[in-house]
Amino acid sequence: MISALIRLGGQMPRKSWSIAAMAVLLPAQTLATAELPALSRLEKGRWQLSDPADAKAQFDSVCLGDPMRLIKLEHSDVNCSEEVVASGPNSASIHYICPGRGFGRTNIRVETSRLVKIDTQGRANNRPFAYRVEGRRVGSC
């Protein structure tokens, strides 16, 4: 439906466009979650994110219910489509696009059910980002 309108140069009403976009984006999110066995190992609870090179540099803590939240640290409040680039029992690479808000690629390595290493880069709010963080489960939410 969307590709036909683009080819023909047609216009789709805003409400129809939103519904069609959701239909395209939601299956990708469900598929990405199902294809990440490494993330399914993580314990739910409060996770502290920090710079592995500087233990004093702490980021926000995250109340982790859905492990996918660790994939989109710069786009946590945005609907994005995800594509699993690689997935294994201890690691995953995910590329995501957030229409109008940016994109990113995250590599995550699960050391234990309470410790992850995250390498993420991309563009958010018209600015590039690239950093590594370590996430540790520190308690319950």
*Would you pick out the residues in segment 113-141 that are polar (S, T, N, Q) and in contact (Cβ under 8 Å) with a residue 60 or more places away in the chain?*
S113, S140
*Scan segment 64-93 residue by residue and report those that are surrounded by fewer than 17 Cβ atoms within 10 Å (Cβ to Cβ), over 8 Å from the mean Cα position of the chain (by Cα) and among the charged types (D, E, K, R).*
D66, D77, E83
*Kindly indicate whether any position in segment 94-105 is buried (at least 18 other Cβ atoms within 10 Å of the Cβ), under 14 Å from A38 (Cα atoms), at pLDDT 95 or above and of a type outside the set (A, V, I, L, M).*
no
_Residues satisfying the stated conditions in segment 121-141, i.e. surrounded by fewer than 14 Cβ atoms within 10 Å (Cβ to Cβ) and under 15 Å from R46 (Cβ atoms)_ = V138, G139, S140, C141
*Looking at segment 1-85, what helices (runs of 4 or more DSSP H) fall wholly within it and have at least 1 residues that are of a type outside the set (A, V, I, L, M, F, W, C) and at pLDDT 90 or above?*
37-40
_With the structure loaded, tell me whether E111 is under 23 Å from E43 (Cβ atoms), modelled with pLDDT under 95 and either part of a strand (DSSP E or B) or hydrophobic (A, V, I, L, M, F, W, C) (or both) or whether it fails that test._
no
*Going by the conditions given, is E111 within 22 Å of K56 (Cα to Cα), buried (at least 16 other Cβ atoms within 10 Å of the Cβ) and not hydroxyl-bearing (S, T, Y)?*
no
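The values are calculated or read from the model by the stated rules, or taken from the named source; none is laboratory data. This structure is a prediction, so every number in the text was calculated from the model and none was measured. Counting neighbours? That spans all protein chains shown, and the Cβs are built from the backbone with ideal geometry, glycine included.
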